[in-house]
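For reference, the structure is listed below as structure tokens.
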Amino acid sequence: MGQFYDSCPQTLLEWIEKQHIFWVATAPLAIGGHVNVSPKGAFDCFHVVGQNKVWYEDLTGSGSETIAHLRENKRITIMFCAFDGPPRIVRLFGTGTAYEYGTPEYETLIPAEKRKPGSRAAIVVDIHKVGSSCGYSIPFYDFRSERTLLLERMSRREAQAKTYSSQSQQYKTEEEETAILKMADPRKDNGLREFWAEFNTKSIDGLPGMVIGLDSLSAPTSYWTKEGELKRSEEKVLRVLGEKKAEIRKEQGTRVPLLFSRSRDGDNSHLKFDFDFDFAFAFLLGVVCALAGIGIYESVGHAGNSMSRLFSYFDVL
């Protein structure tokens with residue numbers, strides 16, 4: 001049966017911190033407005049402050065529904081779901097605030113050395129109700145790896161903005177730098193701010209989205225490296241899964257040659273089929289060779305029996 005709490009129990013908080021994906025739901029006030037549900041899954045983006053407060057680092061996307069809805073009415077629900085182990089669904093009901101890139105609150109929560117490429121806001125949620133239910137019908141899934149494609153693309157955009165700034169802003173004095181920056185249009189930096197200006201200023205219902213980050217005088221930067229992110233991600237996966245190793249593969253990397261993998265709760269009745277063509281071909285080739293070997297063995301056996309009968313005939317003579 002479902003249970004509700006005024007604050008999130010510590011056991012649920014510990015479980016939440018081990019999850020790889022969560023969903024964020026928001027909606028506008030208008031009756032005809034579009035309800036939005038966004039999946040979130042980047043490594044180390046979700047953070048627990050306490051039993052009634054959490055926040056996550058919001059990365060750049062093709063829309064800004066969550067930011068726009070929170071700006072209008074602050075309503076938000078975050079959902080977590082168990083794909084392994086005991087069935088469980090947890091919902092965090094609360095009010096949210098979007099602190100955009102360039103605000104003091106954002107810089108406090110996400111300093112430059114921890115910022116991910118494409119990071120555009122810190123979404124802070126004050127929780128007023130927590131719901132926990134069974135989720136008996138949710139299927140089993142195994143975590144395979146983190147995706148790095150968004151981080152790679154946003155990192156390139158940020159690098160383009162740095163190049164643009166260094167080539168177009170050669171200042172002789174601080175006063176000249178300040179004056180030029182005030183006249184410059186940060187929305188045409190060929191980087192993130194230009195992307196935000198094109199795709200993140202309004203929701204699909206026309207509500208205002210990003211505002212502050214677009215006009216920030218400092219171009220978004222981060223210290224992220226692909227190798228470092230993969231290493232940290234692998235450490236977290238091994239910490240969550242215990243002794244079970246997980247492959248942290250690149251976006252175009254190779255796959256682990258498995259036919260079946262066991263669910264993490266150890267229940268053999270929930271085996272996941274994971275087809276791999278190379279491994280399957282090698283397996284079938286082995287079967288064919290084995291059958292061919294059996295046929296040759298039987299042929300040799302028949303020939304041997306015939307020769308034995310022939311020699312027995314001469315012995316009789």
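The values are calculated or read from the model by the stated rules, or taken from the named source; none is laboratory data. As the structure is a prediction and not an experimental result, all values here were calculated from the model. So basically every Cβ, Gly included, is an ideal-geometry build from the backbone, and we count neighbours across all protein chains shown.
Would you tally the residues in the stretch 43-67 being under 24 Å from E194 (Cβ atoms) and in contact with a Lys or Arg (Cβ under 7 Å, 6 or more places away or on another chain)?
4
What are the residues in the stretch 181-229 that are at pLDDT below 85, β-branched (V, I, T) and surrounded by 14 or more Cβ atoms within 10 Å (Cβ to Cβ), if any?
T221 - this is the single residue of the stretch 181-229 that is at pLDDT below 85, β-branched (V, I, T) and surrounded by 14 or more Cβ atoms within 10 Å (Cβ to Cβ).
Residues that are buried (at least 21 other Cβ atoms within 10 Å of the Cβ), of a type in the set (A, V, I, L, M) and over 28 Å from Q51 (Cα atoms): does the stretch 145-152 have at least one?
Just the residues of the stretch 145-152 that are buried (at least 21 other Cβ atoms within 10 Å of the Cβ), to begin with: 146, 148, 151.
After this cut, where a residue has to be of a type in the set (A, V, I, L, M) as well, the list is 151.
Remaining after also requiring over 28 Å from Q51 (Cα atoms): 151.
Yes, the stretch 145-152 contains at least one residue that is buried (at least 21 other Cβ atoms within 10 Å of the Cβ), of a type in the set (A, V, I, L, M) and over 28 Å from Q51 (Cα atoms).
Given (1) out of contact with any Pro (no Cβ under 9 Å at 6 or more places or on another chain); (2) among the polar types (S, T, N, Q); (3) over 30 Å from I212 (Cα atoms), identify the lone condition not met by T95.
Exception for T95: condition (3).
What tally of residues in the stretch 36-67 results from selecting those that are assigned to a loop (DSSP other than H, G, I, E, B), touching a Leu at 6+ places or on another chain (Cβ under 8 Å) and within 17 Å of I21 (Cα to Cα)?
Count: 3.
What residue, among those in the stretch 116-133 that are charged (D, E, K, R) and at pLDDT 95 or above, is nearest to L192 (Cα to Cα)?
Here the answer is R120.
Report whether or not G102 is surrounded by fewer than 19 Cβ atoms within 10 Å (Cβ to Cβ), in contact (Cβ under 8 Å) with a residue 24 or more places away in the chain and within 24 Å of R193 (Cα to Cα).
no
With the requirement that a residue be over 16 Å from the mean Cα position of the chain (by Cα), of a type in the set (A, V, I, L, M) and either crowded, with 19+ Cβ neighbours inside 10 Å or on the phi > 0 side of the Ramachandran plot (or both), what does the stretch 19-63 give you?
V54
Of the residues that sit in the stretch 84-99 and are among the aliphatic types (A, V, I, L, M) and within 18 Å of T66 (Cβ to Cβ), which one is surrounded by the fewest Cβ atoms within 10 Å (Cβ to Cβ)?
That would be L92.
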